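Only one structure is covered here, and it is reproduced in the block below.
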Amino acid sequence: MKAASKPSTASERNAVELLSCEKVYPNGTRALMPVDLTIQEGEFVTLLGPSGCGKSTLLKMVAGLTEPSDGRLLLWNKAHHRLHESHRSLSFVFQEASLLPWHSVRKNVSLPLELEGLSRKDIYARVDQVLELVGLTRFASALPRELSGGMQMRVSIARGLVVKPNLLLMDEPFGALDEITRFKLDGDLLDLWQKNGLSVLFVTHSIHEAVFLSERIIVMAARPGRVVADIRIDEPFPRHSEFRMSTRFSEYAMQLHEHLVAAASTEDGYE
Ligand code: ADP
Ligand code: MG
């Protein structure tokens, strides 16, 4: 008889855990008050808040690009330096596509794999696969300057996905794009998320983008940076543009707006 596999406990399904994580930068700036936050495997969670509330700082802590000045941060129950033991990985997609202008789309996307030392054949197979996922197969040989802003962002997302991350960290990735392109990429991102079983931690200051994309929204406030609400968007996937026009969408947007206004009114000692 086949042995029963060990049931996974709730904590084994935690992709990210921040336990009283706070951040004071070396110059004395307090970017984040202590934050407690758990993100489960497969969840789509968004950090929403005004400029300066510590969204990028929180994301960079999760990415291991900056250390919490106090508290504990776990990824799949491991400290950052032991992440490899969990056989999980993460990728970071920044607001700027930051592509190498002298390299083709294919070469830009293959760079993270070249660092991993895979064979040329394996690299090209993986790169072709992700270019298809983001709809850029026809542009594999193009240079970045030959692409629109939205297409450059797709290249950047492909470069994030090519290492098959379990967790995708995205810092205002569509912030510099026009609204129509942004709507399209929002929809495409949800498709990618659903098809690939990723966990996504997404940053935006757009209420509407947060409502459209997220299963959960962490609302943040500034001065000092802190979490003020954790809101579940109880709307099934796939989500279509009709959702953006629905009463439920407006109600969620209103609720978030009220949280942001209430938090802003307690800033700078106006309590
Ligand atoms: P957000 O992404 O929400 O706009 P940030 O995380 O970038 O917020 O910044 C939070 C606060 O920390 C801001 O007051 C910002 O000026 C400050 N800050 C960010 N990075 C640094 C740094 N490297 N050194 C000092 N202060 C910083
Ligand atoms: Mg930021």
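The values are calculated or read from the model by the stated rules, or taken from the named source; none is laboratory data. Note that the structure is a prediction, hence the values are computed from the model and not measured. Positions of Cβ are generated from backbone atoms using ideal geometry, with glycine treated the same way; all protein chains shown enter the neighbour counts.
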Checklist entry - From the list Thr46, Thr38, Thr29, Thr66, which residue is surrounded by 15 or more Cβ atoms within 10 Å (Cβ to Cβ) and within 11 Å of ligand 1 (Cβ to nearest atom)? => result Thr66
Checklist outcome for this item: Note: among Val211, Val219, Val200, Val228, just one is over 16 Å from Phe92 (Cβ atoms), away from ligand 1 (no atom under 15 Å from the Cβ) and either more than 17 Å from the chain's Cα centre (by Cα) or at pLDDT 95 or above (or both), namely Val211
Checklist entry - Out of all the residues in the stretch 176-190, which are in a loop (DSSP other than H, G, I, E, B) and surrounded by fewer than 16 Cβ atoms within 10 Å (Cβ to Cβ)? => result Ala176, Asp178
Next on the checklist: For a quick check of your reading of the model, give me the residue pairs whose first member lies in the stretch 176-191 and is modelled with pLDDT under 90, whose second is of a type in the set (S, T, N, Q), with beta-carbon atoms closer than 7 Å and at least 6 apart or on different chains.
Outcome noted: Ala176/Gln95
Checklist entry - When you look at Ala125, is it away from ligand 2 (no atom under 16 Å from the Cβ) and hydrophobic (A, V, I, L, M, F, W, C), yes or no? => result yes
Checklist entry - Restricting attention to the stretch 163-212, which residues are within 17 Å of Glu242 (Cα to Cα) and in contact with a Pro (Cβ under 7 Å, 6 or more places away or on another chain)? => result Leu190
Next on the checklist: For the list (1) within 21 Å of the chain's Cα centre (by Cα); (2) small (Gly, Ala, Ser); (3) surrounded by 18 or more Cβ atoms within 10 Å (Cβ to Cβ), I need the number of the one condition that Ala253 fails.
Outcome noted: (3)
Checklist entry - Quick one: what pairs do we get from the stretch 17-32, first residue among the polar types (S, T, N, Q), second away from ligand 2 (no atom under 16 Å from the Cβ), C-beta under 9 Å, 6+ apart or different chains? => result Ser20/Pro34; Ser20/Asp36; Ser20/Pro68; Ser20/Asp70; Ser20/Gly71; Ser20/Arg72
Next on the checklist: Considering only the stretch 13-26, I want to know if a residue exists there that is surrounded by 20 or more Cβ atoms within 10 Å (Cβ to Cβ), over 18 Å from the mean Cα position of the chain (by Cα), at pLDDT 95 or above and within 16 Å of ligand 2 (Cβ to nearest atom).
Outcome noted: yes
Item to check | All positions within the stretch 61-101 that are farther than 16 Å from Pro112 by Cα, in a strand (DSSP E or B) and either in contact with a Lys or Arg (Cβ under 7 Å, 6 or more places away or on another chain) or of a type in the set (A, V, I, L, M) (or both) | outcome: Leu73, Leu74, Leu75
